[in-house]
Amino acid sequence: MSDCLLEISGLRKFFGPVEVLKGVDFSMREGEVVSIIGSSGSGKTTMLRCINMLEEFQGGTIRLDGETIGYEETASGRKRKSETEIARQRALTGMAFQQFNLFPHMSAVENVMLGLVKVKKMGREEAREIALKWLERVGLAERAGHYPGQLSGGQQQRVAIARAIAMNPKLMLFDEVTSALDPELVGEVLQVIKDLAADGMSMLLVTHEMRFAYEVSSRVIFMNQGVIGEQGDPKVMFNAPQSERLAEFLKTSSFV
Amino acid sequence: MGYTLNFSAVWRNFDDLLAGLLLSLELAFVALLIGCVLGLVTAFGLISRNGWARRPAALYVTVIRNLPILVLILFAYFALPQMGIRLGKIESFVATLAIYSGAYLAEVFRAGLISIPPGLSEAGLAIGLKPRQIRTSIIIPLMIRNVLPSLSSTLISLFKDTSLAAAIAVPELTFEARKINVETFRVVETWIVASGLYVATCSVLAASMRVIERRLTLAR
């Protein structure tokens, strides 16, 4: 299984007494674009957030690019890795959030530069160059000096994507990145993601945009009550769902 | 009333008043500076999930906020030497004012911290920043913007509180005014001028803080 970029096995996660991930097994190869769909509360976002340790998890393992993420087995049992080590592992992935989460006191280019300077220890000039290159890639070169408050939601999300991508991650995680956007701004963000997919970027997306999942993904996984209910080629899955649950979910979501 | 205002005695001693005012400002600024450090550390303690950080922070804030500042000043200056801690008048007063302001600033900073959306810290973590880097690059700069209005009123309160140093004969503005009052008997004139100096200085402080606030306000 060495050609696996991401390998999740037996992933279990509790919020207090509630088990939200009940043993998730999943793997993906480099260059794959995988969409995670499912109703709210099914655990899709939680699963995504376990991969970069924004959520702790209580059981199972996550391996990314050959590394075991977050925890190590010691003689005295399972132990959380050091903060320094976890920070380094988090930089293996990039994440875009539903709420963009740009740093409001920094301009667009400074948002992208921060990780390059503080994590990659680049000089400011080199970091600025790379940041500007990525802002150009998302079509916002001329907005580099603008602050988040001066940008539309779609533009903020594109800056946020540039900020994540500029770190040169092995895997990009997208957490419902269009859910907080006005409908007319969704397209520009999806286009950016499509372009990245065409470049061969490995991506894992939690999304409610069924049409988009259908068009972009090489594979779709359907999360249901904390486990993977069904997965496969979107063309096959969407047109001929195997389970009652998925059929119902597709009917109630906007996919036509 | 039969009282004729005559300011000449006050003007003759005006240099002493100005020296007192300068000392008052220094006391307030130094106390604020130390208080900010204390307040910041305490604020992070107050929002910590770790009880060993949170409980001492909460105890400090509760005790100090329930003590009149004059009692603190007298305690530090008269009682502490009996317990072997001997400080000069000025050092003792600055330390007291700093500890006093730290407790109030801790509450101010705590409010400023919890109003920062948690998603920003997560975004920082996601690009690989360490928690300490997130505090210095993201949380604290945003928190300072949140608390600037409260910080400016704290500075003004502290400046006014420096008048209490007269109680332990620190030669600040109020102490100097009382001296002129006693030496020249120009009671009304002395306190009019001293009051004028307090009001004018507070106005200048408030205006400068507004300029800083405006410069740091985020574009929306």
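The values are calculated or read from the model by the stated rules, or taken from the named source; none is laboratory data. No experiment lies behind these values; they were computed from the predicted model shown. In this analysis, Cβ positions are derived from the backbone assuming ideal geometry, glycine residues included, and neighbour counts consider all displayed protein chains.
Check the range A:7-29 and report whether any residue there is in contact with a strand residue (DSSP E or B) (Cβ under 8 Å, 6 or more places away or on another chain), outside any strand (DSSP E or B) and in contact (Cβ under 8 Å) with a residue 12 or more places away in the chain. Looking through the range A:7-29, none of the residues is in contact with a strand residue (DSSP E or B) (Cβ under 8 Å, 6 or more places away or on another chain), outside any strand (DSSP E or B) and in contact (Cβ under 8 Å) with a residue 12 or more places away in the chain.
Suppose the filter is surrounded by fewer than 21 Cβ atoms within 10 Å (Cβ to Cβ), within 14 Å of another protein chain (Cβ to nearest Cβ), of a type in the set (Gly, Ala, Ser) and more than 27 Å from A:LYS121 (Cβ to Cβ); does B:SER121 pass it? Answer is no for this residue.
Select from the range A:1-52 the residues that are within 14 Å of another protein chain (Cβ to nearest Cβ), touching a helix residue (DSSP H, G or I) at 6+ places or on another chain (Cβ under 9 Å) and surrounded by 23 or more Cβ atoms within 10 Å (Cβ to Cβ) and list them in ascending order.
Start the filter on the range A:1-52 by keeping residues that are within 14 Å of another protein chain (Cβ to nearest Cβ), which leaves A:45-46, A:48-52.
Next, from what is left, pick out any that are touching a helix residue (DSSP H, G or I) at 6+ places or on another chain (Cβ under 9 Å): A:49, A:52.
Of everything in the range A:1-52, just one residue is within 14 Å of another protein chain (Cβ to nearest Cβ), touching a helix residue (DSSP H, G or I) at 6+ places or on another chain (Cβ under 9 Å) and surrounded by 23 or more Cβ atoms within 10 Å (Cβ to Cβ), namely A:ASN52.
Restricting attention to the range B:144-156, the residues being within 12 Å of another protein chain (Cβ to nearest Cβ) and touching a residue at least 40 places away in the same chain (Cβ under 8 Å) number 2. Residues in the range A:104-130 that are part of a helix (DSSP H, G or I) and within 12 Å of chain B (Cβ to nearest Cβ): A:ALA108, A:GLU110, A:ASN111, A:VAL112, A:MET113, A:LEU114, A:GLY115, A:LEU116, A:VAL117, A:LYS118. Just one of the listed residues (B:LEU5, B:LEU23, B:LEU17) is touching a Pro at 6+ places or on another chain (Cβ under 8 Å) and within 27 Å of B:ARG186 (Cα to Cα), namely B:LEU23. Filtering B:VAL30, B:VAL10 for residues that are aliphatic (A, V, I, L, M), farther than 30 Å from B:GLU107 by Cα and either surrounded by 14 or more Cβ atoms within 10 Å (Cβ to Cβ) or modelled with pLDDT under 95 (or both) leaves a single hit, B:VAL10. Condition (residue is crowded, with 17+ Cβ neighbours inside 10 Å and among the aliphatic types (A, V, I, L, M)) applied to the range A:242-249: is it met by at least one residue? Within the range A:242-249, one or more residues are crowded, with 17+ Cβ neighbours inside 10 Å and among the aliphatic types (A, V, I, L, M).
All conditions in (1) part of a helix (DSSP H, G or I); (2) within 14 Å of chain A (Cβ to nearest Cβ) hold for B:GLY128, with the sole exception of (1).
Quick one: in the range A:74-103, which of the residues that are in a helix (DSSP H, G or I) and within 7 Å of another protein chain (Cβ to nearest Cβ) is surrounded by the fewest Cβ atoms within 10 Å (Cβ to Cβ)?
Initial filter on the range A:74-103 (in a helix (DSSP H, G or I)): A:83-90.
Subsequent filtering for residues that are within 7 Å of another protein chain (Cβ to nearest Cβ) retains A:83-84, A:87-88, A:90.
Numbers: A:GLU83: 12, A:THR84: 9, A:ALA87: 22, A:ARG88: 15, A:ARG90: 26.
Residue satisfying both the conditions and the ranking: A:THR84.
Applying the criterion of being within 12 Å of another protein chain (Cβ to nearest Cβ) and in a helix (DSSP H, G or I) to the residues of the range A:162-194, the residue that is farthest from A:ASN111 (Cα to Cα) is A:ILE165.
Filter the range B:69-118 down to the residues that are within 30 Å of A:ARG90 (Cβ to Cβ) and among the β-branched types (Val, Ile, Thr), then identify the one that is farthest from the other protein chains (Cβ to nearest Cβ). Per the stated criteria, the residue is B:ILE114. For first residues located in the range B:157-174 and at positive phi, partners that are surrounded by fewer than 19 Cβ atoms within 10 Å (Cβ to Cβ) and in a helix (DSSP H, G or I) and lie 6+ apart or on another chain with Cβ distances below 7 Å form the pairs B:ALA169/B:LYS89.
You will find that of A:GLY59, A:GLY153, the residue that is under 30 Å from A:ASP182 (Cβ atoms) and either touching a residue at least 24 places away in the same chain (Cβ under 8 Å) or surrounded by fewer than 24 Cβ atoms within 10 Å (Cβ to Cβ) (or both) is A:GLY153 and no other. Residues in the range A:131-152 that are more than 14 Å from chain B (Cβ to nearest Cβ) and in a helix (DSSP H, G or I): A:LEU132, A:LYS133, A:LEU135, A:GLU136, A:ARG137, A:ALA141, A:GLU142.
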